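Participant: Let me give you the structure first, and then I'll get to my questions.
The values are calculated or read from the model by the stated rules, or taken from the named source; none is laboratory data. On a predicted model such as this, the values are computed, not experimentally measured, just so you know. Ideal geometry is used to build each Cβ from the backbone, glycine not excepted, and the neighbour counts take in all protein chains shown. In case anyone asks, the SASA skips ligands and DNA or RNA and just uses the protein heavy atoms, side chains included. Shrake-Rupley method; radii C 1.70, N 1.55, O 1.52, S 1.80 Å.
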Amino acid sequence: MRCLLDWLPAVALAAAFILAGFAAIHLAFGGGARSVRIVLPPPVEIPSYLPVTPETAKALNAAVPIVDPKPEPARPYHFEGSTEAKARATDCLAAAAWYEAGDDTPGEQAVIQTVLNRARHPAFPRTVCGVVFQGSERTTGCQFSFTCDGALARIPSGEAWLRAQAAAKAALGGYVDPQVGRATHYHADYVVPYWQSSLDKIAQVHAHLFYRWRGFWGTKAAFTGPSNADEPAVSKLAAVSPVHRKAADLEGISASDAPASAASEAAIAVPAPPPIQIEGLAEKSLRKAVVRGHAANANQFFIEVDGATFPGSYATAAVALCRGKEKCTVFGWRESGQMATSSPMTASQLHALTFYFHHDDAKGDSAMWNCAQVERKNHTQCLPTEPAALLALTM
């Protein structure tokens, strides 16, 4: 009994740390001596990248092998907390999914799983929203770039947001994405983070590469830390998440990062891209449309159209832009804050698209309008509403 009592302090200390998720505990006994060695989790580095071109980055990333083609899946995550806290966690997860992966279900699920893996790991904050917005109070140093690079000025379409929320709800209810195992890190394939060489690459999901820590901190035993169900209100999500806007108001949190009249259905105004002058094209030919992007090699034009003018004039402007070209495509938006100036486009940019025109010397011309914005009697002239069909127009 005396021997057992002698062990209790060390055992209690080990249990306390393990339950708190703060560190790995190693107990050593020998010659009557007792010692406790506390191993702190690895530091979470501020994201920084090698100064290489996207092409070089893709080549370097492709040369790194995937060490575990079939990683062991993470344990199911079951959120335990109030209805309000779960709603806030859901929208933080949905935001991470949509802003990081776009309206792409496999990509969103991979991002969501990585966030939940972090929420269980002692190296990261103990809440879902804490993980997603870690470091976002700085202009550099955020763990998820969309939280501090201005990307939150873009608003997902209603359908895309509902899809992201559905993926988040499923994961909080126990769905496990098997693609990425216990990954805690990922990056796009066109950049090379400095931390890459110290982690194991275990998966690729479309353009994102996923990693886990080597040694103990990447094993199942390391993911023991209980998550904190008291999810914070995040004022930066006020524009897209009513539950965060309401919580921020109730808790007296400053919403200076959110618009004064935020609404999930409305786009936030952002400065319009600068106009581009097209040599040899008279301004009157554009019928008040403004060229704000031009891919010379692809013969693509990105224009802002005037909502007060006759919608047929959009096609007239497009014909003027494409004159003399074998193949040519014109994309037009009424909302300058939502328009693209290059391809590929985001899901919100595609959803906000007002007008599309394609010219092909061999096949002729085709023009389509967004019939939610522009009434057309001929419904064959309406742009498709399915994301995949819209995306196909840009290829």
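Participant: Being assigned to a helix (DSSP H, G or I) and open to solvent by 30 Å² or more (accessible area, probe 1.4 Å): is that true of Q113 here?
Facilitator: no
Participant: Would you check which residues across the stretch 144-158 are open to solvent by 20 Å² or more (accessible area, probe 1.4 Å) and part of a helix (DSSP H, G or I) and list them?
Facilitator: Residues satisfying the conditions are S145, L152, A153, G158.
Participant: May I pose another question? Residues in the stretch 373-390: is at least one open to solvent by 20 Å² or more (accessible area, probe 1.4 Å), among the hydroxyl-bearing types (S, T, Y), more than 21 Å from E279 (Cα to Cα) and in contact with a strand residue (DSSP E or B) (Cβ under 7 Å, 6 or more places away or on another chain)?
Facilitator: Taking every residue of the stretch 373-390 in turn, none turns out to be open to solvent by 20 Å² or more (accessible area, probe 1.4 Å), among the hydroxyl-bearing types (S, T, Y), more than 21 Å from E279 (Cα to Cα) and in contact with a strand residue (DSSP E or B) (Cβ under 7 Å, 6 or more places away or on another chain).
Participant: Within the stretch 298-311, does at least one residue satisfy the condition of being among the aliphatic types (A, V, I, L, M) and part of a helix (DSSP H, G or I)?
Facilitator: Taking every residue of the stretch 298-311 in turn, none turns out to be among the aliphatic types (A, V, I, L, M) and part of a helix (DSSP H, G or I).
Participant: Does the stretch 179-215 hold any residues that are open to solvent by 30 Å² or more (accessible area, probe 1.4 Å), more than 19 Å from the chain's Cα centre (by Cα) and modelled with pLDDT under 95, and which are they?
Facilitator: Of everything in the stretch 179-215, those that are open to solvent by 30 Å² or more (accessible area, probe 1.4 Å), more than 19 Å from the chain's Cα centre (by Cα) and modelled with pLDDT under 95 turn out to be Y194, S197, S198, R214, G215.
Participant: Is one or more of the residues making up the stretch 132-154 hydrophobic (A, V, I, L, M, F, W, C) and over 16 Å from V234 (Cβ atoms)?
Facilitator: Scanning the stretch 132-154, I find no residue that is hydrophobic (A, V, I, L, M, F, W, C) and over 16 Å from V234 (Cβ atoms), so the answer is no.
Participant: Could you please let me know if R212 is touching a residue at least 60 places away in the same chain (Cβ under 8 Å) and farther than 20 Å from D103 by Cβ?
Facilitator: Here the answer is yes, as R212 does meet what is asked.
Participant: Can you report the number of residues in the stretch 45-67 which are open to solvent by 40 Å² or more (accessible area, probe 1.4 Å) and within 30 Å of K169 (Cα to Cα)?
Facilitator: 3
Participant: Additional query: Cβ-Cβ below 9 Å, separation at least six or inter-chain, first residue in the stretch 68-90 and under 24 Å from L209 (Cβ atoms), second open to solvent by 80 Å² or more (accessible area, probe 1.4 Å) and in a helix (DSSP H, G or I): which pairs?
Facilitator: Within 9 Å, the pairs are E72/K220; A74/K220; R75/K220.
This table checks each residue for (1) assigned to a helix (DSSP H, G or I); (2) within 14 Å of the chain's Cα centre (by Cα); (3) of a type in the set (D, E, K, R).
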position	(1), (2), (3)
L93	yes, yes, no
A123	no, no, no
C142	no, yes, no
Q165	yes, yes, no
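Participant: Take I278 and decide whether it is at pLDDT below 90, among the hydrophobic types (A, V, I, L, M, F, W, C) and within 14 Å of E335 (Cα to Cα).
Facilitator: The answer is no for I278.
Participant: Does E108 qualify as being out of contact with any strand residue (DSSP E or B) (no Cβ under 9 Å at 6 or more places or on another chain) and not in a loop (DSSP other than H, G, I, E, B)?
Facilitator: Considered against the rule, which asks whether it is out of contact with any strand residue (DSSP E or B) (no Cβ under 9 Å at 6 or more places or on another chain) and not in a loop (DSSP other than H, G, I, E, B), E108 comes out as yes.
Participant: Next question. Tell me which residues, restricted to the stretch 218-244, are of a type outside the set (G, A, S), surrounded by 14 or more Cβ atoms within 10 Å (Cβ to Cβ) and at pLDDT below 80.
Facilitator: N228
Participant: Next question. For M345, all conditions in the list (1) open to solvent by 40 Å² or more (accessible area, probe 1.4 Å); (2) in a loop (DSSP other than H, G, I, E, B); (3) within 28 Å of P275 (Cβ to Cβ) hold save one; what is the number of the exception?
Facilitator: M345 satisfies every listed condition except (1).
Participant: Which numbered condition trips up T147, out of (1) in contact with a strand residue (DSSP E or B) (Cβ under 7 Å, 6 or more places away or on another chain); (2) within 18 Å of D91 (Cα to Cα); (3) of a type in the set (V, I, T)?
Facilitator: Here T147 meets the rest and fails (1).
Participant: Across the stretch 279-297, which residue is farthest from the chain's Cα centre (by Cα) among those that are part of a helix (DSSP H, G or I) and touching a residue at least 24 places away in the same chain (Cβ under 8 Å)?
Facilitator: S285
Participant: Inside the stretch 177-205, can you point out the residues that are under 17 Å from P71 (Cα atoms) and assigned to a loop (DSSP other than H, G, I, E, B)?
Facilitator: If the condition is that a residue be under 17 Å from P71 (Cα atoms) and assigned to a loop (DSSP other than H, G, I, E, B), then D177, P178, Q179, V180, G181, R182, A183, T184 are the ones that fit.
Participant: Return a yes/no flag: does the stretch 140-158 have any residue that is among the acidic types (D, E) and in contact with a helix residue (DSSP H, G or I) (Cβ under 8 Å, 6 or more places away or on another chain).
Facilitator: no
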